[in-house]
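The values are calculated or read from the model by the stated rules, or taken from the named source; none is laboratory data. Since we're looking at a predicted model, the values are computed, not measured. Cβ atoms come from the backbone with ideal geometry, glycine included; neighbour counts cover every protein chain shown. SASA here: full protein model, heavy atoms, side chains in, ligands and nucleic acids out. Shrake-Rupley method; radii C 1.70, N 1.55, O 1.52, S 1.80 Å.
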2 protein chains.
Amino acid sequence: MTWKITNQSLDNHQLLVDESLFSLANGYLGVRGNFEEGYSDKMASIRGAYINAFHDETEITYGEKLHAFPETQQKILNIIDSQTVLLYLDGERFSLFSGEILSYERNLHMDKGYGERIIHWKSPNGKEVVLHFRRLVSFVTKELFAIDLEVKPVTPVEKIEIVSIVEGDVSNFVDKSDPRVASDHAKRLFVSEVYEHEHYHILKATTYSSKFDVACVTTTNVDQNYSYKSTVKKTSTEEVYEVSGDSSFRFTKLNIYTDTMRHGDNVVEQGIKIHKEIKKETFEDLLKKQENYLTDYWKKADIVIDGDNKIQQGIRFNLFHLLQAAGKDEFSNIPAKGLSGEGYEGHYFWDTEIYMNPVFLMTNPELARSLLLYRYSILDYARQRAKEMGHAKGALFPWRTISGTECSAFFPAGTAQYHISADIAYGFIQYYLVTGDGEFLKQYMAEVLFETARLWIEVGHMYQGEFRIDNVTGPDEYTCIVNNNYYTNAMAKHNLLWAEKAYHILKETDPVRLTELTESIHLTAEEVRQWKVAGMAMYLPFDQELRINAQDDSFLRKARWDFEKSDEGKGALLVRYHPLTLYRYQVCKQADTVLAHFLLEGEEDLETIRRSYDYYEEITTHDSSLSYCIFSIMASKLGYSEKAYQYFIETARLDLDNTHSNTKDGLHMANMGGTWLAIVFGFAGLRIAEEGITLRPSLPKQWRSLQFSLSYRGRLVRVQLEKDQVTYSLTEGDILSITHCGEKQELHPNQDLVIPN
Amino acid sequence: MTWKITNQSLDNHQLLVDESLFSLANGYLGVRGNFEEGYSDKMASIRGAYINAFHDETEITYGEKLHAFPETQQKILNIIDSQTVLLYLDGERFSLFSGEILSYERNLHMDKGYGERIIHWKSPNGKEVVLHFRRLVSFVTKELFAIDLEVKPVTPVEKIEIVSIVEGDVSNFVDKSDPRVASDHAKRLFVSEVYEHEHYHILKATTYSSKFDVACVTTTNVDQNYSYKSTVKKTSTEEVYEVSGDSSFRFTKLNIYTDTMRHGDNVVEQGIKIHKEIKKETFEDLLKKQENYLTDYWKKADIVIDGDNKIQQGIRFNLFHLLQAAGKDEFSNIPAKGLSGEGYEGHYFWDTEIYMNPVFLMTNPELARSLLLYRYSILDYARQRAKEMGHAKGALFPWRTISGTECSAFFPAGTAQYHISADIAYGFIQYYLVTGDGEFLKQYMAEVLFETARLWIEVGHMYQGEFRIDNVTGPDEYTCIVNNNYYTNAMAKHNLLWAEKAYHILKETDPVRLTELTESIHLTAEEVRQWKVAGMAMYLPFDQELRINAQDDSFLRKARWDFEKSDEGKGALLVRYHPLTLYRYQVCKQADTVLAHFLLEGEEDLETIRRSYDYYEEITTHDSSLSYCIFSIMASKLGYSEKAYQYFIETARLDLDNTHSNTKDGLHMANMGGTWLAIVFGFAGLRIAEEGITLRPSLPKQWRSLQFSLSYRGRLVRVQLEKDQVTYSLTEGDILSITHCGEKQELHPNQDLVIPN
């Protein structure tokens, strides 16, 4: 069961959750796990399909708009719905909410990359049929969403009708009461073309404002004799197959989705072209290719746990959805909810660099590179945004965006999170450390580091010999607009010093490129000197009495939140208290200083890190799904094994068990990345440094063994933790030095290194 | 000329400004100074009439809405337009933008309370006429807006037509680019009835959401033979008088405006009733009554300056408009722009208590009382708002409102300005100190002080023996959401200690009332003790090095704003920089700590106040019109006479000279109050204390003399400053002790006290 997710629920509340859990995607196209035939009337559903980065621009309305507030934002759009397949048995419409279900099983196959439902249904009039729905969103042909339905009559049925619909009149989901979901602009896409051409059913839709096109070109087939009728309606196409109920048959529906960004202006023609390319492939062929792709992924990414099947299942679920969510071209990144729902409107946040990209970096570095190149592609927007904010130089990356402009409509917990620029710089540096890719440094990383370093010089200032950064917001959104947020300052320091370092690396390795770059961005040597000075002089708040790092200058002087009083209510504090009231207290939504201690552990001694952890743990609500994994990692580091495990458990099945109660809006992708981090950076103690990688493994006592792989500088290293020993196997690449529990070790090809505990 | 404002401009830009400058109002009804006949086509105009507090509820849209953000706000509405009077000379339409103007004069008579235009006009066909428009908004019959037009043909004219229109199809002004002006909801009033009844022309309009009615009942008259036609249209009424051009004649138009709040459901009937009450009065009678009212006002409020006519005119202009702006019933207060324009949407702010009410308190205490009772009337809303914000007890007054609920859509510079609750408490205390009105304390003030004191206990907390208030915004909106804003903490201290004092006064003077009150609001003696403890322990930031009061905990550690760099642009920083960027610097929009030093000068020694003034002066932009007057007052106190005068000059004619470039949106009422404060609290050094009033006069060297009056505890005291002496005259009331330059003096009726300098 650890390779599949299984479920028989027909409860509406759970079905909404399942729409996210059973969603299928490939980083380009995503389809929620809706039922082909729908639910019964009046049941809620967020029926959706999305293309990563396919969006419309919408106006942001403010009660009071101040200078440089973003005027528009982007919104991922629910696109043409090709999921619908209806079935009639002698005129009786199939539904799981009528008749009798003799057996029902729903599976998500994570090893093979498809979803299925196997249903033995008895109609109200007593006719029985076994249905086998399978669907996939192809990793090989990214435009393809395929449905296959096998129909096996069990009792005599005279006539079976299959009605296949493609509907263009779709809307986005809105909820005015939840700030994490869109509150407006439900309808931003209109059907611009609908017609039949040869055997293709074609729908084209266009966004209201940005005028992007999306096309869905559909073919269907039945492998039996049938009579057939098709109708082109105003916003949809409908095909009806009438088949004899004598024997089993299969219905297949192939939908090719193309968009302007990736396919240019002729989206329909391109869709037809792709259809032609795959026309010889059966559904089984498609499945096979999908499985091959996933086999390759799992070879590098899988984590094997012996001792807890539920956790094993949870981890595979998270890694499967991470792969599904990650944009694999220059136009896209990883939306906060992947392509599984509409929460956060398809926007990309710091989640990518801090929570998700490390997974790819250590398992599929090419994917990590692609995600970073997306950031490089929006560097000009970031430069422009810095100017809008009043800075003379530098790049300020948007807190949330699709196409590169700032989409945050609430700056205290949006634009004020300047740390995102340092987070992105951190992501580039990590990539460089893991791959050692000098070309990457020259072509992309140096420029990103230079421009972000410039930002910190603009934002901060020297005061009594220290470099201070005022009025920003750290990761913890329960305390906004503060001075000298520890996380921000530490990350900015890292950014500044690495920018200076990158400058000198470039100077040594490619002075021509350096000259070209410095000229193009008008960079002076004096600026580079300033980076070093500012970085070295960076002020990192430390409380002499508590001997911990203060989250910011004033945090520790505030009143502590009264948890007893507030726990009377339910749910995250942010939906129960005005932000100003939260800001007034020592209460954290998520790891902030503790996160800095993970990302930059060299900044503080272990006991400071420990005291800080102990202190912040008591006042952290984990109302953000980005919190548990960091606490788990740091608990591992500090030897708090039981805590590490407990926090880890919270991450491993957060969506599967819907512990945050909003999985219906999409999966918590960053948390999914966090699960992997908690294992590899937490239990296995991986750290990445200039000198190489180090591990300090510690197997949770609940498990018999843990096995995972690491990609590092062209090698693939398999690591196996057992109760009494750790085994390192170099399965690809040349000899490699690593540090294990503080000691240098050499790994040799095809030669296991076994180290007893 | 010091009693009138005169102008001949026909420049569109200045005409927009003049619409505000020449506006007429009485605190209930306001009419902008538009031309009866309009401008020429394509010229911009904000044609408007308003009833104080007559508003609609509108939804606030947020890009991202968090908990307890206000969902609706109120918006004062432009109401039925009764200004229009058109004139045709043998078919040629009169306009100041056609034909030839042989002479033109426009006056606002501040001593008599009316506006006029006297025009000698030659039509394109060469027909000449002298027109004399007069208009008033009556202080005696508050519903009345009257227009009188005298027409004198100069050359032969055969036929003169007067077309009088009342139009209900009106909208509000919107400007998306200026946060100080509404950006949406232009149309919120629809015509619900329009008809003729007897000789009344009746228009009733209803608000979209709140369903308030406003009626305008109009009668017109011509004092010559005429033929007459009237038409009732869909949203307007039109009357046409045709008069022979043989001789002069007069046209009079009386418009009575009634509304649901003041006149109940039968607004039309009430309007007709009021018409009947005044039907015997000629326009001259109305003018006479208006003049009588103003004579009485000026007797108490006038300030006479010998030595500068422009300033003299400016002060009278300001005092005239203050009277026009002040709501005189329990439903209304003083909108930030009075009734002269739509800026800030007719909302009431702290401006009333801190800048405007002191003028009335010292000249017309009954008016001051009425303004405070409005605050008392919204106390329940303030209690409710405190709960919404997460406070268990207390009252949080709205930062901006009409009917009592919070209308601020940007909390960092809105709701976060908790100081407004202390400001209102301060207003109540000042009223009590000036009037000694024990009944007022019992009935209103004690409850307001108790509930606001409770708020501070909720918001602040003890830390290392000091009472601290985190995450609020002080008056200076260029630094929002700070800890221990000096102004807020000092005002909260005053609020807390006075609440405790009021409790004991009530205990002594009326224990029955105290019991009734404490029971009704569930107040415990322990809470009262807490007020004293918190007040005494209040932390007031002081920088040991600079030896000044820090604006807040972190202000003095921030970078100083680079004025040279930013001055390249133009206009207030708030329309050129993102708020976050401004927050990051030592730069002030307006007096903050300096204002606290004015209101609560006993908190610090003179040299701390001086050093603070010197420090903050250098970094204050005065982008708020509430700033100059405070700097003038404090410059006076500190003996910076020339500065005091220069700052004062900026206040005296701010609107007359449109120095803030937005007078078109309405007059800066708080600044107008500030002019008076700068003279009486500044030059004359008035202070109000429990022990009585003190003065420390210092005549600006630019003037020969300065004279003003003070109402204090039933007395009227005239004060005359001359170069070599000060004269106090007790013109009303019994013997009074005052303090002059630190020495006790007794004033006796009808006996001037002359003190040489």
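Give A:Lys233/A:Lys253; B:Lys187/B:Lys234; B:Lys176/B:Lys204; A:Lys310/A:Lys337 a once-over and call out the pairs whose C-alpha atoms are over 27 Å from each other.
The answer is B:Lys176/B:Lys204.
Using θ = phi - 60° and the Karplus curve 6.51 cos²θ - 1.76 cosθ + 1.60, what whole-Hz ³J(HN,Hα) does each residue of the range A:457-464 get, with Gly and Pro shown as x?
These are the phi-based 3J(HN,Hα) values: 5, 5, 7, x, 7, 7, 8, 6 Hz.
Skipping prolines and chain starts, which residues have an amide H placed within reach, meaning under 5 Å, of the one on A:Met538, given they are 5 or more residues away or on another chain?
A:Phe467
DSSP loop GluC sites (Glu not before Pro) in the range B:699-757 with at most 12 other Cβ atoms within 10 Å of their Cβ, which ones? Don't skip to the answer; put the middle values down first.
Values: sites: B:Glu722, B:Glu732, B:Glu743, B:Glu746; in loops: none.
Here no loop site has a sparse enough neighbourhood.
Which whole-Hz ³J(HN,Hα) couplings does the range B:131-137 yield from phi under the Karplus relation 6.51 cos²θ - 1.76 cosθ + 1.60, θ = phi - 60°, glycine and proline marked x?
Values, residue by residue: 10, 10, 8, 9, 8, 8, 10 Hz.
Let me know the charge dipole size of the protein assembly as shown about its Cα centre in debye, to the nearest 20, where only the beta-carbon of Lys, Arg (+1) and Asp, Glu (-1) is charged.
400 debye
With runs of 4+ DSSP H residues as the only contributors, calculate the mean residue ellipticity of chain B at 222 nm using -39,500 (n - 2.57) per run, divided by the residue total and rounded to the nearest 500.
Working: 20 runs with 229 residues, N = 757.
Calculated from helices alone, the mean residue ellipticity at 222 nm is -9500 deg cm²/dmol.
Take the alpha carbon atoms of the range B:1-50, find their center, do the same for the range A:210-235, and report the distance between the two centers in whole angstrom.
A separation of 65 Å, based on Cα centres.
What chymotrypsin sites (Phe, Trp or Tyr not before Pro) in the range A:185-217 are in a loop by DSSP, with at most 15 other Cβ atoms within 10 Å of the Cβ? Don't skip to the answer; put the middle values down first.
Values: sites: A:Phe190, A:Tyr195, A:Tyr200, A:Tyr208, A:Phe212; in loops: A:Tyr208, A:Phe212.
Filter output for the range A:185-217: A:Tyr208.
Indicate, rounded to the nearest 5 percent, the antiparallel portion of the DSSP beta bridges found entirely in chain A.
DSSP beta bridges in chain A are roughly 95 percent antiparallel.
To the nearest 10 degrees, how steep is helix A:267-278 against the longest Cα principal axis of chain A, on a 0 to 90 scale?
Orientation of helix A:267-278: about 80 degrees from the principal axis.
Which one, A:Thr231, A:Ala386, B:Thr252, projects farthest toward the positive side of the charge dipole computed for the protein assembly as shown from Cβ point charges (K/R +1, D/E -1)?
About the Cα centre, the residue reaching furthest to the positive side is A:Ala386.
Would you work out if the range A:522-594 is rounded, prolate or oblate? Take a ≥ b ≥ c from the square roots of the eigenvalues of the alpha-carbon gyration tensor; rounded if a/c is under 1.5, else prolate when a/b is larger than b/c, oblate otherwise. Please list the in-between numbers first.
On the way: a/c = 4.04, a/b = 2.23, b/c = 1.81.
Note, shape of the range A:522-594 comes out prolate.
Report the relative contact order of the range A:660-724, percent, no decimals, based on alpha-carbon pairs under 8 angstrom and at least 6 residues apart.
Computed over the range A:660-724, the figure is 19 percent.
Round to a whole angstrom and tell me the spacing of the C-alpha centers of the range A:74-142 and the range B:679-717.
Using only Cα atoms to place each centre, the spacing works out to 86 Å.
Looking only at other chains, what is the average number of their beta-carbon atoms within 10 angstrom of each beta-carbon in A:66-77?
Going residue by residue through A:66-77 and averaging, the value is 3.
In whole Å, how far is the Cα centre of the range B:274-299 from that of the range B:328-349?
After rounding, the separation between the Cα centres reads 24 Å.
As a check on your reading of the symmetry: which chain B residue has its Cβ nearest the axis that brings B onto A, and how far is it in Å?
Of all Cβ atoms in B, the one closest to the rotation axis yields B:Thr61, 2.
Take peptide A:196-206, look around each residue's Cβ out to 10 angstrom, count Cβ atoms belonging to other protein chains, and average those counts.
Across A:196-206, the average partner-chain Cβ count within 10 Å equals 0.
Cα gyration tensor of chain B, axes a ≥ b ≥ c as square roots of the eigenvalues: rounded (a/c below 1.5), prolate (a/b > b/c) or oblate?
Since a/c reaches 1.5 and a/b is larger than b/c, the shape of chain B is classed as prolate.
Check which residues have an amide H placed less than 5 Å from B:Ser23's amide H, if you skip close sequence neighbours.
B:Gly33
Quote the accessible area belonging to A:Ile402 in square angstrom, nearest 10, computed with a 1.4 Å probe and with ligands, DNA and RNA left uncounted.
Solvent-accessible area, nearest 10 Å²: 0 Å².
In degrees from 0 to 90, rounded to the nearest 10, what is the angle of the helix B:606-618 Cα long axis to the longest principal axis of chain B?
That helix lies at roughly 50 degrees to the long axis.
Which of rounded, prolate or oblate describes the range A:4-273 when judged by the alpha-carbon gyration tensor and an a/c cut-off of 1.5?
Prolate.
Within chain A, which is the longest segment containing none of the trypsin sites (Lys or Arg not before Pro) that sit in a DSSP loop and have at most 14 other Cβ atoms within 10 Å?
A:281-546
Please list, by residue number, every one of the chymotrypsin sites (Phe, Trp or Tyr not before Pro) in the range A:492-545 that is coil in DSSP and has at most 14 other beta-carbon atoms within 10 Å. Write down the numbers at each step before the final one.
Values: sites: A:Trp498, A:Tyr503, A:Trp531, A:Tyr539, A:Phe542; in loops: A:Tyr539, A:Phe542.
In loop regions of the range A:492-545 (DSSP not H, G, I, E or B), the sparsely surrounded chymotrypsin sites (Phe, Trp or Tyr not before Pro) are A:Phe542.
Skipping prolines and chain starts, which residues have an amide H placed within reach, meaning under 5 Å, of the one on B:Leu747, given they are 5 or more residues away or on another chain?
Answer set, sorted by chain and number: B:Leu736, B:Ser737, B:Ile738.
Need one value for B:415-427: mean number of C-beta atoms belonging to other chains within 10 Å of its residues' C-beta atoms. Could the numbers behind the result be given before it?
Details: counts 3, 4, 0, 1, 0, 0, 0, 0, 0, 0, 0, 0, 0.
Neighbouring Cβ atoms belonging to other protein chains average 1 per residue here.
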